[in-house]
1. For LYS361, give me every one of the aspartates and glutamates with a C-alpha distance below 12 angstrom, ignoring sequence neighbours fewer than eight places off in its own chain.
2. For the range 136-197, which trypsin sites (Lys or Arg not before Pro) are in a loop by DSSP, counting at most 13 other Cβ atoms within 10 Å?
3. Once you have the Kirkwood Rh of the range 309-369 from its Cα pairs, apply Stokes-Einstein at 20 °C and 1.002 mPa s and quote D in µm²/s.
4. Subtract the Cα-Cα distance of THR63 and TRP243 from 0.36 nm times their separation in residues, and report this length gain in nm to one decimal.
5. For the ranges 284-292, 319-327, 98-106, 258-266, what's the packing order if you count other beta-carbon atoms within 10 Å of each residue, average per peptide, and put the highest first?
6. Can you work out the PRE-style zone for ASP274? Point 7 Å along Cα to Cβ, and I want the residues of the range 284-325 with backbone N under 16 Å.
7. Cα to Cα, under 13 Å, and not fewer than 8 places away if on the same chain: which aspartates and glutamates meet these conditions relative to LYS114?
8. Using a 1.4 Å probe, what is the accessible area per residue for the range 52-356, in Å²?
Amino acid sequence: MHFIIITQSLLLLSCCGITATAALSFIPPAAKTDMHMKAVQQMAVPQVSDRVVFGTAAIAQATDPFGLLDAAYHKGVRRFDLARTYGSGTSEKIFGEWMASRCIDRADINIITKGGMGDDKYGDPTRNLLTGSVLMGEVEASLNTLGTDRVDMYMFHRDDPRLSVEQFVTWANEIVQAGKASSWGVSNWSFDRFCEAHRYAVSEGLHPPCANSPQLSLAVPQCEIWPTTYSISSHEHESQIDWYENNGVELVCWEVLAKGFMAVPTLWSKEDVDRSTFDNTFETGTNEWRLQRIQRAYCHLENYRRRETAIKIGEEFGLKLPQVAALYALSVRDNVSIICGFLEPEHIDDMIGLEDLVLVKECVLGDEEELLISNCIETAKSVADAAPADAIVDAIGVC
């Protein structure tokens, strides 16, 4: 890896949302017998890095969910993150119907879905205790809704310390051994609980969890964002991230753009945030409750400083704020993937190709006076290995 000088031509490409480090070639479609089948099946597309995962939590809010999924597929997105709780099954329903209507080759896409929370939508630690029969019912419901006989990874959406890790490992292995999932992981588990589950699985010759899904962002939350969630954004988690990497565990990270704080430069300015409401009591699930939790976690002085620095780096290299923020997360470790909740096709363009760059994290974590912005971006591979200049890819969007 080496520092690079961004030439005028590369800056122009970046400003236009284009990178010359990956190839994209479209083969003209055959006769227009069916527009959707033509678009999905007859177009040769690149394989976007599997480290960019399409998050479906809010897909029902998209103006045209099928069109959005079409656009993602055309641009090479192949990994999709779902959950039984997203819209009470709506995200899985939309995705399953899209796959069927487009005749998507199941082997061509990678599906992650999550469950194990029952009717709980927000991570209530006092929810009904999970049982094996309830869990298997959720798994079957997810598969039936998706219209597939298996998912590539099944995740427990939340931990529940009232249950032993041995129980979770046993249930997960039953799912894998039944052919309903190729692998399993967890979401929002603490490092200690994850390690305990991993050790137990290995010692018993069982399939260990291969992924954890924590929050990771340039914007560090100063408190719990959502109930019973887990973040690895602060510096104190460096050794934990090392362990995950050394043990081949993927980190599938959410809220990389901090619910828009690291996507829109003017969102929730210091003057606009009313901190006097942070201790108010709001009904769980309401818009007021959501806004309070987001602002209380992300809207603090250090994050404002980081955002300003990220904006300066973006201006230097022709990148948007969300691109710099996403690049930061991808640069943490090679085993980090990012979940992006696209709502518009153009947002997808902002995330394609970022895996070919590396953001030097000291540029945004250090003192601004010591910042040398021209040295903040590295290439992930040598210029000699880069794709031909005429090979282009539509570049990246809002997570």
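1. Straight-line reach from LYS361, under 12 Å: GLU378.
2. Values: sites: ARG150, ARG158, ARG162, LYS180, ARG193; in loops: ARG150, ARG158, ARG162, LYS180.
When the trypsin sites (Lys or Arg not before Pro) of the range 136-197 are filtered for loop state and at most 13 Cβ neighbours within 10 Å, ARG162 remain.
3. Working: Rh = 12.3 Å.
It comes out at roughly 175 µm²/s.
4. Working: separation 180, 0.36 × 180 = 64.80 nm, distance 4.11 nm.
Once the chain is fully extended between THR63 and TRP243, it gains 60.7 nm.
5. Values: 284-292: 13.0, 319-327: 26.4, 98-106: 15.4, 258-266: 19.3.
My ranking of the peptides, most packed first, is 319-327, 258-266, 98-106, 284-292.
6. It comes to 287-296, nothing else.
7. Straight-line reach from LYS114, under 13 Å: ASP81, GLU92, GLU138, GLU140, ASP152, ASP159.
8. Working: 11850 Å² over 305 residues.
Result: 39 Å² per residue.
The values are calculated or read from the model by the stated rules, or taken from the named source; none is laboratory data. Predicted model, so just to flag it, every value in this text is computed and none were measured. FYI the Cβ positions are ideal-geometry reconstructions off the backbone, even for glycines, and counts take in every protein chain you see. Remember, those area values only see protein heavy atoms, side chains included, never the ligands or the DNA or RNA. Shrake-Rupley method; radii C 1.70, N 1.55, O 1.52, S 1.80 Å.
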